[in-house]
Amino acid sequence: MDVGQEPWPSRASPPPAGIDSGRWPPRARHLLETSYTMMAQGLHEPLRRCLGSFAQQLFALADRAHDNAEQQDYFASRQRVLRDRSAFEERFLAQLGKAFSDIDANADATGPDGATGWASLELLDPVEQELGMAVERLGARGETQHGNALYELGYRFAVLVGSPPLDGEALPLGPHALAKACHQASSELALPLKHQLLLFSNFDQQVIQTLTPLYGSINAQLLADGILQKLRTNPIPRPVKPPSRPGAAEADAAAAATEPPHPAGSTTAAQGGSIEVLESLRNLLAQRRGGPGAAGGSPVERVASPDELQTALAALQQHLAQVTDRAGRELRSAQRLREELLAQLNADKPSGAPRTQLSGEQGDTVELVAMLFEQIGQQLKQGGNAHALLGNLQLPVLRMAVTDHEFFEKREHPARKLLDKVTEVANDWLDGSDDESDRALAAKLEQLVVRANQEPPSAGLYTTLLADIEHHLSLLSRKAQAAERRHTEAARGRERLDQARHRAAELMAERFAQSPPRGLLRALMDRAWSDVLALSLLRHGEDSDAFRIQLAITDQLLGRLPIDDRQHLQHEVEAGLQQIGMPAEEAAQATRRLLGNDGDAGGARQADPAQAPAGTGKTAILTVDKVMPAPVVPPAATPAAVTPSGDDLPSATVLAQRLKQHQRPGAQRERETQPATRTSQTVAPAPVLGPQEASIHNRLRKLPYGSWFEFLDPVSGQRTQRKLAWFSPVSGNVLFVNRRGARSEQMNLQELAHAIAKGRVRELPPQRESLLDRAWLSLTRSLRQDAGVPRAAAQESDRR
């Protein structure tokens, strides 16, 4: 049996028996099996996160889609991903196993000159070309990011199989092989090109970019098994060019500290050592001071050890917990924080003992973290509990920063990611209200901050805290999405109901133009039967038999058609009134008062045959205007069920008053969800649009759902952000929700365009950087300005 005949079916299954061939010794086979098993187990959780994130993005895109077909495509792709996620992982690991089995196939396929020949010619499929290029980009980015680890693995695997060093597609666990496995595993999902590229993007973020620990574990395992123990990687240092203009080096380094996550295809990530962001920021601090930097202790003073600094910071945390908020904000400033730390370091020393000072690096770290939190405070919205909450997180983050300088160097540092997430949650979700949801979220964040203050700083602690707050935030997001969907569906339902009512009102107006009813019949038509028509129109459509029957009943009630069966007509009217929520007893009373024939009932009476429409003969019609003499009808012709005595029926005036007070369908929900807004019956006239408003109005109609707007209260000056959840292309009604999915402002597109033109509302552009990234950028810009970096250098670094 030759090598590579069958793929390894799953992460729990052993590799194929073909690897036992004489090509590789048993030890090499065992190490390959071990590497594959470690790879399969290590990729299980990243693959799960990748598919979960992909499904969430598909749902969000479907929620914002304008076109129904596009929305259905997103939902269909999401359904296939959720249904086949286990099969996807099995196919992916099978492709990975095949790559291990074919580890030396590329060497055998090459010719004497090292090049492969053309196997065949075929037409190029544009979709396959796009997907192939995306797979190549995935592999290239992964090799750029994990270059050192892949270099070692390529040499060690080459030793195992007796081949030249492996790289690129020849390395079975490299990014190229993983990207190819993802492409082949996802092919059976039959995703559209746009969705497939979105899946590759998630695979890059959730799998490729997280391979560093896994590659390190496999290298360590091979190293422990004696494979190239003396292998060392020597990355070529980047040449340091002298700055061509004053401040250029500092500007470039500061730009590296604040640039957003490297986009697809970027090669600016560090391939060897750190980019030394902390040293760059320290240089800017030194230039701002006008000296070489923060001086350490003098010859007669000693520098605080890391343990002493941690002890002083812990004592300062306890002290800050006992002071007022205002005093705490003052103590957290850079200068006061440094003074308090020095006081804590020298608290118990005798007067003649050498004083303990902060080293230059320690002092600069304290100052930079304090400046960072000041910039975060300036970026936060005013009001709420966000400022106090983040202030309590400053010292725990400082303790982590002085312990691990990767806080400045790596965007994926756990403490940095936690600070970013807490900042986002506090700024976006805490609006300063005192409702139950705000209190629960604030309590959760307080628990997180308390734990960060009480436990020693470590990457594991911040990873745990980050996972905790992300889980809580995911629950809030799901609740918000569910609430937003309910409000959107309700708004669409009210829109359809308003359109049906409008059409029913038009049909009523056509009939009222000939002989307008009065009294009880007019009240019934205006306040109840028009809703019966609207409901039938909404459920069945205007061309349906059910709606035509309701129109015929309307004409019978108005005297436009003859009444063939009075008892059947009474039953149909009562059923229709009950469908719109009228109690059965009130519906029966109103119907009997209209259709009764007893002289004392005061209800509808049979009219003179001369007043009947042509072709009706002597069949009775209904009227409530006046009592007309009725022709003699034999007793057996009038059903007993519709000839009440009238003694137990309310008067027509009382019944008409009840009908006017009757709650119309949808009115209760509108009062509960929108107590201060107008209903469909009291619509304010839309403002007249000028040229500017008309241009804004046309642009608003093209906005996708999910766009954010900021509303300014002219009285208090408070600014609130609202999400455009839905708008009607027919009526122009707009639905806004807050971050929690609760319904807020409701207006139409013309009013919104007018408010934007007047400056009361503004559209918020999409934020590519997080609030923490913007704070870093503001910090470095401030340092550059204070350090006197030339404007051209600053602009160039900002563009980078």
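Here are some notes:
- Environment charge of Leu166, counting only residues whose C-beta is closer than 10 Å and scoring Lys/Arg +1, Asp/Glu -1: -2
- With all pairs of separate Cα atoms included, region 339-388 yields a Kirkwood hydrodynamic radius of 13.4 Å.
- Along region 688-693 the Karplus relation, 6.51 cos²θ - 1.76 cosθ + 1.60 evaluated at θ = phi - 60°, assigns HN-Hα couplings of 6, 8, x, x, 5, 5 Hz to successive residues, with x for each Gly and Pro.
- Using alpha carbons only, the radius of gyration of region 35-106 set against its Kirkwood radius gives Rg/Rh = 1.16.
- Per-residue Karplus couplings for region 56-68, computed as 6.51 cos²θ - 1.76 cosθ + 1.60 with θ equal to phi - 60°, are listed in order as 5, 5, 5, 5, 5, 5, 5, 5, 9, 6, 8, 8, 5 Hz, Gly and Pro entered as x.
- Distance from region 545-578 to region 124-158 (C-alpha centre basis), Å: 74
- The HN-Hα couplings worked out from phi for region 191-200 by the Karplus form 6.51 cos²θ - 1.76 cosθ + 1.60 (θ = phi - 60°) are 7, x, 4, 4, 6, 5, 5, 5, 5, 4 Hz, whole numbers, x standing for Gly and Pro.
- Assuming charge only on the beta carbon of Lys and Arg (+1) and of Asp and Glu (-1), the dipole of region 54-95 about its Cα centre is about 120 debye to the nearest 20.
- For region 451-606, diffusion coefficient by Stokes-Einstein and Kirkwood Rh (Cα), 20 °C, 1.002 mPa s, µm²/s: 110
- Other-chain or far-sequence residues with amide H under 5 Å of Gln718's (modelled H): Asp713
- Calculated P(r) tail over 12 Å for region 369-410, as whole % of Cα pairs: 62
- Length-normalised contact order for region 706-770 - Cα pairs under 8 Å, 6+ apart - percent: 31
- Above-threshold pairs, the threshold being 21 Å between Cα atoms, out of Lys98/Lys230; Lys194/Lys723; Lys98/Lys180; Lys381/Lys702; Lys180/Lys410; Lys421/Lys479: Lys98/Lys230; Lys194/Lys723; Lys381/Lys702; Lys180/Lys410
- Long-range amide H partners of Trp726 with built H, under 5 Å: Leu735
- Counting only protein heavy atoms and a 1.4 Å probe, region 361-472 has 40 square angstrom of accessible area per residue.
- Between the residues Phe547, Trp529, Leu476, the greatest Cα displacement towards the positive end of the dipole of region 475-556, with unit charges on the Cβ of Lys, Arg, Asp and Glu, is found for Leu476.
- In terms of overall dimensions, region 186-234 has a Cα radius of gyration and Dmax of 17.2, 48 angstrom.
The values are calculated or read from the model by the stated rules, or taken from the named source; none is laboratory data. Computed from a predicted structure; not experimentally measured. Every residue, glycine among them, receives a Cβ derived from its backbone with ideal geometry; neighbour counts consider all protein chains shown. Accessible surface is based on the protein model in full, side chains and every heavy atom, while ligands, DNA and RNA are left aside. Shrake-Rupley method; radii C 1.70, N 1.55, O 1.52, S 1.80 Å.
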